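Encoded as structure tokens, the structure appears first; notes follow it.
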Amino acid sequence: MAAGWLRWLGLFSCILLLGACSRAEVFRHEAFVFGTRVDVAVYAADQAAADAAAGAVLREFDRLHRAYHAWEPSELTTLNAALARGETATVSDELVAMLRDAQRIAATGDELFDPALGALVALWGFHTDTFVPVRPDPDKLAALLAARPRMSDLVIDGNRISSRNPAVQLDLGGYAKGYALDRAAAILREQGVANALINIGGNVLALGRKGDQPWRIGIQHPREPAPLATLPLYDGEAVGTSGDYQRYFMLDGVRHAHLLDPRTGQPAHGTQSLTLLVTPKGAAGEAVGTLSDAASKPAYLAGDGWREQTRRFGIEHALRVSDDGRVEVTKALRARLQFIGDIKPVVID
């Protein structure tokens, strides 16, 4: 009898040890892609499987970065060269789908989000990883504004792309990070990962949970090296932020950010940062990452009219920090946020 109990005790001890060895934890994988730091955090018990899945995501990020780079040789620069010559180019199925989606988003947001303005981005010196303060040549800027390149100028016929306007030069910088988030989520799901957090320079998408708690992120304060609030993220939700505090330069005491207003050809002013939370409304795999990234641009550029832009996209969770530091937040997002310090936001329906 005693021997039987000892065998059961030994078996029970082995089960406890195995359970301890397989306890889930967060495995983090970092890289520098899209001109920013990316972080893939996988909550799992099997480190080898987590490493393999995160590795597949980082390889995909590298592929996207090389395929759609706006100024280094890529499929996108090849297309841009053809458009500048007035020619038709044949592109991949993926790029066709991205351009169709970008056209739709541009139309919804009054073309304030406009990836056709790559030439304007280049004029302001943002087509480099180490840009220096420059003012565009006034004549070139005036000519580009007169040409008014826009996404609706693109003609998409199957995989053949042409433009009614040779001034169209595509730059998917305001779209690609969100698209990459959605690709990462799809890859992780295919790899059997149910719980993860993907962060591409502040654009974030959550899968599942972190143990018995939701994932929690900080929303960056645009003028301080700390978050202004924290936010729980649930399965399938994405956060996108457009701000003037990462890619910018100071010239004559004025901050010039890379977010350019197609109406004026100038860096946008009036908003320090604009953050959107996009919740899934349909089946798993909905492009919440893409929407959170792209839709934040017209809302940012709209200044005081930001709330009208978020409504156009059906987004109820949004936060804006205006040029004077005032924090405005929708009622839906205010219920989710925990502000840090003595911030007193203005709540908007």
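Pairs are defined by a Cβ separation below 8 Å, a sequence spacing of at least 6 or placement on different chains, a first member in the stretch 315-335 that is open to solvent by 20 Å² or more (accessible area, probe 1.4 Å), and a second member that is of a type in the set (S, T, N, Q) and in a loop (DSSP other than H, G, I, E, B); the pairs so defined are His317/Thr279. Within the set Asp39, Asp62, the sole residue that is open to solvent by less than 20 Å² (accessible area, probe 1.4 Å) and out of contact with any helix residue (DSSP H, G or I) (no Cβ under 9 Å at 6 or more places or on another chain) turns out to be Asp39.
Residues checked against (1) among the polar types (S, T, N, Q); (2) touching a Pro at 6+ places or on another chain (Cβ under 7 Å):
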residue: Gly173; (1), (2): no, no
residue: Ala186; (1), (2): no, no
residue: Gly192; (1), (2): no, no
residue: Ala196; (1), (2): no, no
residue: Val204; (1), (2): no, no
residue: Gly208; (1), (2): no, no
residue: Gln213; (1), (2): yes, no
residue: Arg216; (1), (2): no, yes
residue: Pro222; (1), (2): no, no
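For the stretch 81-109, the set of residues classified as assigned to a helix (DSSP H, G or I) and either open to solvent by 10 Å² or more (accessible area, probe 1.4 Å) or among the acidic types (Asp, Glu) (or both) consists of Ala81, Ala84, Asp93, Glu94, Val96, Ala97, Arg100, Asp101, Gln103, Arg104, Ala107, Thr108, listed by residue number.
Every residue, every condition in (1) at pLDDT 95 or above; (2) under 27 Å from Leu120 (Cα atoms), yes or no:
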residue	(1), (2)
Leu18	no, no
Ala41	yes, no
Asp51	yes, no
Ala54	yes, no
Leu58	yes, no
His69	yes, yes
Thr88	yes, yes
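Applying a threshold of 7 Å to beta carbon distances and a minimum spacing of six or more residues, or different chains, the list of pairs starting in the stretch 76-88 at a residue that is closer than 19 Å to Leu64 by Cα and ending at one that is in a helix (DSSP H, G or I) reads Asn80/Gly118. Counting only strands (runs of 3 or more DSSP E) wholly contained in the stretch 231-349, the ones carrying 1 or more residues that are of a type outside the set (Gly, Ala, Ser), over 20 Å from the mean Cα position of the chain (by Cα) and modelled with pLDDT of 95 or more occupy 327-330, 346-348. Determine if the stretch 142-156 includes at least one residue that is farther than 14 Å from Pro262 by Cβ, out of contact with any strand residue (DSSP E or B) (no Cβ under 8 Å at 6 or more places or on another chain), open to solvent by less than 40 Å² (accessible area, probe 1.4 Å) and assigned by the TED database to the domain that holds Glu87. Looking through the stretch 142-156, at least one residue is farther than 14 Å from Pro262 by Cβ, out of contact with any strand residue (DSSP E or B) (no Cβ under 8 Å at 6 or more places or on another chain), open to solvent by less than 40 Å² (accessible area, probe 1.4 Å) and assigned by the TED database to the domain that holds Glu87. Quick one: is Arg189 more than 19 Å from Leu76 (Cβ to Cβ) and in the same structural domain as Thr108 (by the TED database)? Considered against the rule, which asks whether it is more than 19 Å from Leu76 (Cβ to Cβ) and in the same structural domain as Thr108 (by the TED database), Arg189 comes out as no.
The values are calculated or read from the model by the stated rules, or taken from the named source; none is laboratory data. Note that the structure is predicted; figures quoted are calculated from it, not measured. Please note: Cβ atoms are built from the backbone with ideal geometry, for glycine as well, and neighbour counts cover all protein chains shown. We work out accessible area using only protein heavy atoms, side chains counted, and drop any ligands, DNA or RNA first. Shrake-Rupley method; radii C 1.70, N 1.55, O 1.52, S 1.80 Å.
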